[in-house]
Amino acid sequence: MNPTATQPEISQVLRTKERDALVRIERLSKLYPVSKGLFARTRNFIHAVDDLSFEIGKGEVFGLIGESGCGKTTTGKLLVKLTDPTKGHIYLRDQERYPLLVTQGDRAIGAAAVRAPKGLTSLNHQQMTLLDVALPEGSDRRRFSELLQQLKRQGRSDPGRRAQGFILSAEIAGSVYSLVTPEYALSANIRTDSLAKSLEQLYYGDIAMLEGARLKSFRRNVQMIFQDPYESLNPRMTIFDIVNEPLAVQGIGSLLEREERVAEMLEHVGLTPASSFMFRFPHELSGGQRQRVAIARAMVLNPSFIVADEPTSMLDVSIRIGVMNLMLELREEFQISYLYITHDLAVARYMCDRIAVMYLGKIVEMGPTEEVIQNPLHPYTRALISAVPIPDPTMRRQPIELKGSITKPIDTQPRCRFYERCPLATSHCAEADHPPLVDKGNGHWAACYEI
Amino acid sequence: MTIATAAHKAPMLEVQDLTMHYFTRKGEVKAVDDVTFTLYKGEALGLVGESGCGKTSIAITLLRLLPENALFKKGHVFFYRPYDPQKAQRYIGFPVKIVQNGNEAYTGRLREVRSDAQLLLQARTNGRFQEIPVQVDPKAHFGVDLIALDEPRLQEIRWKGISMIFQAAMNALNPVYKVGDQIAEAINTHTPGQPPDQVREKIAQLFQLVGIDPAMIDRYPHEYSGGMKQRAIIAMALSCDPDLIIADEPTTALDVIVQDKILREMRVIQKKLNMSMIYISHDIAVIAEVSDKIGVMYAGKMVEVARCETIFQRPVHPYTKALMSAFPSIKGERRKLESMPGEPPDLIKPPLGCRFHPRCPYATEQCAKEDPAFKPQHEEHFAACWHPLS
Amino acid sequence: MATATTAPQRQFDPIWRVRARLLRRGALESWAMFRESKIGLTGLAVIAIFFVAGFVIHPVLWGGPTLPEWFPIAGGQKLWAPLWDGKIYDPILGRPLVWSEEHETYIFTDFPAPPSLRHWLGTDPYGRDILSQILHGIQAAFVLGIFAALITVFIGTTIGAIAAYYGGFVDTFFMRLADIILLFPLIAFLIVLSGLMQMDFWSLAIVLGIYGGFGSITIVLKSQALAIKVKPYIEAARVAGGGHGHIIFRHIIPNILPLSFLYMMFTVTSAIFSEAVLSFFGLVDIKMSWGLMINITRDAGYLGATNMMQFWWLWMPAGLCITFLCAAFYLVGRGLDEIVNPRLRAR
Ligand SMILES: Nc1ncnc2c1ncn2[C@@H]1O[C@H](COP(=O)(O)OP(=O)(O)OP(=O)(O)O)[C@@H](O)[C@H]1O
Ligand SMILES: Nc1ncnc2c1ncn2[C@@H]1O[C@H](COP(=O)(O)OP(=O)(O)O)[C@@H](O)[C@H]1O
Ligand code: SF4
Ligand code: SF4
Ligand SMILES: [Mg+2]
Ligand SMILES: [Mg+2]
């Protein structure tokens, strides 16, 4: 293999990694068992979420739109691991996760992701946790794992070279193996044998694999804001206890430090002075204040990703904008990504950078918000947009009539989910499978045969 | 306030100084305070305001469907129908109001219906009660004060005169009875003595009107979707041919597509039957779609009433203006919305003076001390503000 | 963690003090609500009267507890001098000797003696003072009832929360157990049990507590816990990283505790009643209790149909006390119900 040919690849990975997706969802499905009748023997399934794939970038607000029962909340719960998917994967880019190359001489023979909560520079062989491995095609996985274990046991580091990305090395069976960062490999001209692609994958962890301590640290990274501020705060806890709970559960800081942090967070979300709110109970706050508490609680661990399930739909108009603006400000300040779930297109337009429109568990259209709203492609999106009332009597709209009403996606037919109600349906739609989501340009995707 | 400003229109409902509080452990909730508005025949009024500002409370006060802890304070609600000497007989002894020839109005307790064209009212003039004879025009509008009526007379007006679609009514359909039977029961209790065939025929017509397949009459509520249930509730409200329907959040629980269909259907029916409507909603976009006239409420007060376009284009009350700009829209340019500072007050201890003053950008010292009167600003445009915007 | 470079300064009162204040405020609020319930207050008043009678008046009249023999000062003696003649006013040892002119010596009076100035409520078939027995019985009833209820509530709350939270096999197991316990009539069960082992005061309390704990209260508290389990704040706690124990003990149990407390009142009622019945059958090894008083009356043959009313003082005071104290705890439970169930709460 020509070393110079592989080098650009790895540099590309390193260049894109900063602006790459934070969350990557691949073919995600969730089925809930239901029984149709009281005595029905057959098991039927609701396809609450059906084969969903999308990505959410760093600092992006990604909106999930749809009528009730189309699977928005289910998607949100899957992303925070409140339920586990039936099929598919959710990959999250984890800050404590580092992909490293394993080299033998000047050649990389494989890659491995390690967990380093305190950063790579303090990683030594004792505290090294190995996560996934990636290998070039045809390599022996078992041998590679054994090698890694040995490397983990015997590896010694050289403080001088560590800063450049040379983590550990050991002599095993006559040859020197080492663990280096991709940056180091690039600068030291190590042959990577087209490991770049696998390396890219290693930045992400499949959240299905998380357990124990790693699940706990995942919880630190990913938080959720719930729809109903009246039900999502324990009525028997004070505001301090509620916001403190994530810190306490995660065992962060002393009581005094946590008090500080909670107060700081409360002031951040506009509950000032914090001391007058800390020891009140949720029922002593208004809806908007409660939702601010819920936001403070979600933010207190400095997460990188928040799922917000209709966070403003239960709030009054005059305070709704305040909460929405707060969320946008926090995004700017902390570079948080949101999955913003809503049924209100106008709210989605205000909040989101990109939106995906869902219908019966499927994404039917996805793209930059303005693009989707001004130029909807899918017949369902068009109908949905035409039905949104406009707070201006001088603007007339031309509503698009749809047949029937939204049903439940129980044991769906293998054809377009929207077929029964679609004004554009053709015989092709009746025969073919559900249309795939295809790129129509401008990052605008739609799933329909007729556009 | 008189209703005489719109001479060409027939009055339907005239609400004057309506005030109703709720008694609670913590104090009186001042849910409806000095609310005044007039609704004309064939007109749709939309009441908007945030949750808890007293919209539902107004509706239940006018119909006197008050809970036990409600304390009615004061006010009049005149419900008008075309003058009919026979029917007028029934209201002898009760306060009435006669409106005729554009702006002539007589208020008093009805003593006697002397002839088809003359009534005797007892009214207070110059500090004394006097009996005054009133010549009645055949085209006069005869209003009865719902607040003063006794229960049997009121019961005649509920459903047949004014019917109400309650908030979340669609969840109140009894699951063990067929939907058709539930509507038939409503018809039979309010207009007894109709043969069952005729009632069934009527229900089938109503179903057609609201857009449900008449075959669904014999189905149970669980076989209906949310939108169909709401339509069935609308059919029920229409079943006694009311002159006025009050719809409290009729589409709040529904999805946009269904909401849109139902709103359009209600609008068509209202125009077709020349009915009056009061829509109640927290969503100004919904109200904008269906109403001719909008009443904006804040903290138990009516702060502005005007025609729909006026409210959107030339609101004079700062709250209305703030409310307008608090709604994101899918049309127009995408701009940053400004949030209103603070939050709606606790109605147990509302702020003194103008109830909006702690949040109002135009507030002055006067606003914090004196309650602004609800008064005309332009033609058919009322607002309660010391410093109306122009 | 904090952005400040200096060590964090305390901005608030120490947490424990704030919590104490909140607890006090919560208690005051609950009391304000409870105070509005007439039945609850009636019950509380009756309980208070019994309490004062049993735990204040009785010791004063009878003398405090007897100190053990080895006690350096006044060993083997009462803690303080009884106000009433210990020979008369003693629930167990009271031997009412009276001076007889005829025999010129002390003799036992006729017993059971009807109420007199000397024995306000008469004497039992052995000549012991009924009033002292009644007052002594109060202590037994309170201690037994409350101890059993605490055990019941502890078990019921924990098991209810755990069964609701885990569901599945754990749930099925405890629910079937509860079914079996409910199928078993308590009294019959206790009679059988007392045949198998000698039951004294404390073991009876423990048995009653356990029986109640695994029985109906588990079912009630479980259904309450199920309603709590599906609340979004439970999911929020999971998203924060809370484990099973955290969710059960920090979220579910605090939210069912008010209901547990309510059921505790009802359990006190049933424990007092059960003890009375068992003592009536003479199955408990206990020095003195209301049930035992009736048992003694029956054993001595005064509870027959013919002479029952004639010797009313033998059984009526004890019977009324059982009724009143049971009713009082029940009424307090009903009063608490209005606090716990907002549906019943008057606005
Ligand atoms: N735990 C569950 N068991 C069975 N079915 C479920 C469950 N949760 C959700 N579903 C079903 O899955 C579908 C999607 O539900 P989901 O709650 O995600 O919808 P949604 O878009 O969030 O709706 P809404 O706007 O009403 O909250 C619905 O048909 C719902 O009935
Ligand atoms: N039955 C009641 N008892 C006490 N307060 C009530 C009752 N019903 C409504 N309220 C209070 O009255 C105010 C107005 O309520 P409502 O008319 O239902 O508002 P809206 O319909 O605008 O949401 C609110 O503060 C509400 O809490
Ligand atoms: S694929 Fe066919 S049925 Fe589906 S949305 Fe497109 S036109 Fe309609
Ligand atoms: S009266 Fe004063 S405070 Fe009230 S709305 Fe008008 S300007 Fe604002
Ligand atoms: Mg949802
Ligand atoms: Mg309402």
query = What is the projected area of the convex hull of the Cα atoms of region A:65-149, averaged over all directions, in nm²?
reply = 8.9 nm²
inquiry  = Below 19 Å, Cα to Cα, which lysines can B:Lys73 reach? Residues fewer than 8 away in the same chain don't count.
reply    = B:Lys26, B:Lys30, B:Lys55, B:Lys301, B:Lys349
message = If you average the C-alpha positions of region A:326-399 and of region B:53-78 separately, how far apart do those two centres end up, in angstrom?
response = 39 Å
task = Rounded to the nearest Å, what's the spacing between the alpha carbon centres of region B:128-202 and region B:241-297? Just the number, please.
result = 20 Å
query = Using the 10 angstrom Cβ neighbour count as an exposure proxy, how do A:Val133, C:Val192 rank, fewest first?
reply = C:Val192, A:Val133
key: Neighbouring partner chain Cβ atoms per residue of A:226-238, average, 10 Å criterion   = 5
task = Give the span of the protein assembly as shown's Cα atoms along each principal axis, as three whole-Å numbers ordered largest to smallest.
result = 123, 123, 67
ask   = Which residue fluctuates the most in chain C, going by a Gaussian network model with Cα springs under 10 Å, if the choices are C:Ile206, C:Ile234, C:Ile155?
value = C:Ile234
task = Count, for each residue of A:254-260, the Cβ atoms from other chains sitting within 10 Å of its Cβ, then give me the mean as a whole number.
result = 5
remark   = Taking trypsin sites (Lys or Arg not before Pro) in a DSSP loop with at most 14 other Cβ atoms within 10 angstrom as exposed, one finds the longest site-free stretch of chain A at A:119-395
request  = Determine the equivalent ellipsoid of chain C by diagonalising the alpha-carbon gyration tensor, then write out the semi-axes as square roots of 5 times the eigenvalues, largest first, rounded to whole Å.
outcome  = 47, 26, 19
note = Rounded to whole angstrom, the alpha-carbon centroid of region B:310-379 lies from that of region A:92-113 at a distance of 60 Å
query = Using a cut-off of 20 Å between alpha-carbon atoms, which lysines can reach B:Lys202, once sequence neighbours fewer than 8 places away in the same chain are excluded?
reply = B:Lys160, B:Lys178, B:Lys229, B:Lys271, B:Lys272
message = Cross-link candidates for A:Lys362: which lysines have Cα within less than 25 Å, leaving aside residues fewer than 8 places away along the same chain?
response = A:Lys30, A:Lys36, A:Lys58, A:Lys72, A:Lys77, A:Lys81, A:Lys87, A:Lys403, A:Lys408, A:Lys440, B:Lys261
message = I need two numbers for chain B: Rg to one decimal and Dmax as a whole number, Cα atoms only, in Å.
response = 21.9, 67
query = From largest to smallest, what semi-axes in whole angstrom does chain A give when each is the square root of 5 times an eigenvalue of its alpha carbon gyration tensor?
reply = 42, 31, 20
query = Roughly what would the spin-label model give for A:Lys118 and C:Leu28, points 7 Å off Cα along C-beta, in nm?
reply = 4.9 nm
Range in chain A, longest, excluding exposed GluC sites (Glu not before Pro) [loop by DSSP; at most 10 other beta-carbon atoms within 10 Å] = A:212-451
ask   = Based on the Cβ-Cβ distance of A:His89 and B:Ala172, what FRET efficiency does E = 1/(1 + (r/R0)^6) give at R0 = 35 Å, to the nearest 0.05?
value = 0.20
ask   = In the calculated pair distance distribution of region C:249-347, what percentage of Cα-Cα distances lie above 17 Å?
value = 62 percent
task = Starting from the alpha-carbon convex hull of region B:101-222, give the projected area averaged over all orientations, in nm².
result = 11.8 nm²
request  = Quickly work out the C:Met175-to-A:Tyr419 label distance, labels modelled 7 Å from Cα along the C-beta direction, and quote it in nm with one decimal.
outcome  = 4.0 nm
key: Sparsely packed GluC sites (Glu not before Pro) within region B:255-353, loop by DSSP, other Cβ within 10 Å at most 15   = B:Glu333, B:Glu338
note = Listed residues C:Glu275, C:Glu36, C:Glu102; largest mean-square fluctuation, Gaussian network over chain C with Cα springs below 10 Å, found at C:Glu102
key: Helix C:168-183 vs. chain C, principal-axis angle (Cα, 0 to 90°, nearest 10)   = 20 degrees
inquiry  = From the helices alone, meaning DSSP H stretches of at least four residues, give me the mean residue ellipticity at 222 nm for chain A, per-run term -39500 (n - 2.57), in deg cm²/dmol to the nearest 500.
reply    = -9500 deg cm²/dmol
note = In deg cm²/dmol, rounded to the nearest 500, the helical mean residue ellipticity at 222 nm of chain C, built from -39500 (n - 2.57) for every DSSP H run of length 4 or more, is -20000 deg cm²/dmol
remark   = Under the helix-only model (-39500 (n - 2.57) for each DSSP H run of 4 or more, divided by the residues of chain B), the mean residue ellipticity at 222 nm, to 500 deg cm²/dmol, is -7500 deg cm²/dmol
note = Computed over chain C: longest principal axis from alpha-carbon atoms vs helix C:290-299 long axis, angle to nearest 10 degrees, is 40 degrees
request  = Evaluate the Debye formula for region B:1-109 with equal point scatterers sitting on the alpha carbons, no solvent, and hand back log10 of I(q)/I(0) at q = 0.11, 0.16, 0.22, 0.23 Å⁻¹, in q order, two decimals.
outcome  = -0.42, -0.82, -1.26, -1.32
Cleavage-rule hits (chymotrypsin sites (Phe, Trp or Tyr not before Pro)) in region B:145-237: DSSP loop, at most 16 neighbouring Cβ within 10 angstrom = B:Tyr177
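Bear in mind that the values in this text are calculations on the coordinates, not laboratory data. Owing to the predicted nature of the structure, the values given are computational and were not obtained by experimental measurement. Here the Cβ is made from the backbone with ideal geometry for all residues, glycine too, and neighbour counts use every protein chain on show.
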